[in-house]
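Structure record follows, encoded as structure tokens.
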Amino acid sequence: MKVYHPQIEVTLIKTINRTGMSFDDAGKTKGAKVAERYKVQRIDLTPYLGESGGVRTSKSVREPAGGFAITLADQMHPMHMESLYALIEPMDLVEIRFCHNSTAMLSKRPPIIMRGLVSEIRRDQSMGNDGKPVRKVVITGQDLGKLWQIFIIYYLQVAATGESTLTEFRFFDKYLKDKKMNTQLAKGFFKELVSEVLNPFLWRINVANCDAVLAKGFVPYVTIEGSISPYTMNSFSDISLHSMMSTLFDVGPYNEMFIEDNEEEISLIMRPLPFLDVSGNSIMGVVTPSPGHSEPAIEISGDDIQSITSTRSDKGVANWYWSANTKLVLTNDLVMMLQAQQALTEDKRLYPNSAMDRYGFRKMHIEYKLGSESEVPDSNTGTQEVITKNKMNPIEWAKKRRNLLADFNKDNVVFESGTMRLLGNEKIKAGRFVTSKRGGVNESRFYVVSVDHDYVPFQGFFTTINYERGTGFIDRASNSGSPYLKEWDRGGLR
């Protein structure tokens, strides 16, 4: 019988060092000052995880930020003689670590799960059914993706002078090194956004009690192809930095952008969709050189699976694809469609997994922003020989994007999606592949879109994943024996 020893460590790092409750325009304290006991740098929250406490983290590659919720016993801090409710403020930093089996830890501390910023602190006080008082403090917040959600691009018209000004955001005049707006490689532009816009914002928050990892800033890992055109930069107003970046870099139909907490750094990953085709080959043919993402898929033992739900559906089926960038080519979309009719051949309509005579007319229409790298007038894109070989005009680039869209989606009907609840596994992160072989059936592969970790003191540590592009049906259909008999087990789910 396996015996596990889960470990958890939750630390609060103060970023708000309050000196008063009100301030004048120069930032000096007005009125009463804050008592000395509020001068706190770090608080170990682990001892306050009582019987009714717990920690939950949630992370998805499809969301701007992950989230966390921490429930603590409302006990007095022995040094500061105060409730945690009063010592914690919004925008303080929380570091969450836990693991399922402490004997397998590589260091004296559990591995990092999430670094996040507090959004809300709640204090609940009530009387229990047994007549005893129940007091607890609940902390909720988001990981550092919160920053690019609250960084807003906003253009303000000054009526008195008739000029347009920017309240917080001016890419080329205020923030970026390259003041000229030229067509440039998407990779370089993404890295410059991180270094000149996002990291300075992070450092301003981290100034109170400097954390070494935060001091490094976000570390970008970029493997996407394409270029950024100035014609796509003039329509963003009153949206978040994340929304702007998602639109610019074609996040969703072609690429992924997400933040991942690692031991030594905060990785900011921008990569093509890592999807595999039915045969297990990479559709884009690329490997993301980021922490952990070049490693083999994480294997899940059938004994660790508590429940699994698998679904196949025709809602993702498409058999007519169109993608265009009208701002880049400065051509009417309808004109481009007429020019491209020869590309809309019967093979798209008759492909068995999305055939039009079976599934009806299913349209997938995408507007993208990235142009080809051939648009960049820069020798940094390679030698002249490489540039000549890879040169691609806008029509050719549009055709490539359209075919890629079809490759990503043409087999949606045979891939599975669903949820899986497991014994806690801190190695599983959003954006990774996991595999499982249950009851002798062929090993199946799942792409983890989101992962929730739940740590409940005195009860256990559990992980729930939401997955896509599962190969369970594909593996069953290609198995020469009876998959049902092979997976059948009187002892339960395996």
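A few comments on the model shown:
- Residue order, fewest to most beta carbons within 10 Å, for Tyr351, Tyr38: Tyr351, Tyr38
- Of the residues Arg42, Arg204, the one with the fewest other Cβ atoms within 10 Å heads the list, and the complete ranking is Arg204, Arg42.
- Per residue, the convex hull around the alpha carbon atoms of segment 7-143 comes to 163 Å³.
- Footprinting exposure proxy ranking of Leu49, Leu268, fewest other C-beta atoms within 10 angstrom first, gives Leu49, Leu268.
- Per residue, the convex hull volume that the Cα atoms of segment 185-282 enclose (Å³): 117
- Charged neighbours of Cys99, selected by a Cβ distance under 13 Å, balance to +1 (K, R count +1; D, E count -1).
- Cα convex hull, segment 50-90: 80 Å³ per residue, rounded to a whole number.
- Once the Cβ-Cβ distance of Lys363 and Thr311 is raised to the sixth power relative to R0 = 22 Å, the FRET efficiency obtained is 0.45.
- Equivalent ellipsoid dimensions for segment 6-64 as semi-axes, Å, which come from the Cα gyration tensor, largest first: 33, 19, 9
- Rounded to 0.05, the FRET efficiency of the Asp407 and Arg109 pair, given R0 = 35 Å and the Cβ-Cβ distance, is 0.25.
- Sequence-separation-based contact order of segment 75-155, relative, with Cα cut under 8 Å and 6+ spacing, percent: 24
- Cross-link check: pairs Lys14/Lys216; Lys59/Lys191; Lys191/Lys400; Lys146/Lys410; Lys315/Lys400; Lys363/Lys486 evaluated at a Cα-Cα cut-off of 29 Å; pairs beyond the cut-off: Lys146/Lys410; Lys363/Lys486.
- Per DSSP, loop GluC sites (Glu not before Pro) in segment 42-139 with at most 15 further Cβ within 10 Å: Glu51
- For the pair segment 450-480 / segment 416-435, the C-alpha centres are spaced 4 Å from each other.
- Here the gap between Ala212 and Tyr351, fully extended at 0.36 nm per residue and compared with their Cα-Cα distance, gives a gain of 44.7 nm.
- Against the empirical curve 2.2 N^0.38 Å, the C-alpha radius of gyration of segment 58-129 lands at a ratio of 1.40.
Just so you know, all these numbers are worked out from the coordinates, no wet-lab data involved. Owing to the predicted nature of the structure, the values given are computational and were not obtained by experimental measurement. Note that we place each Cβ from the backbone using ideal geometry, even for glycine, and neighbour counts take in every protein chain shown.
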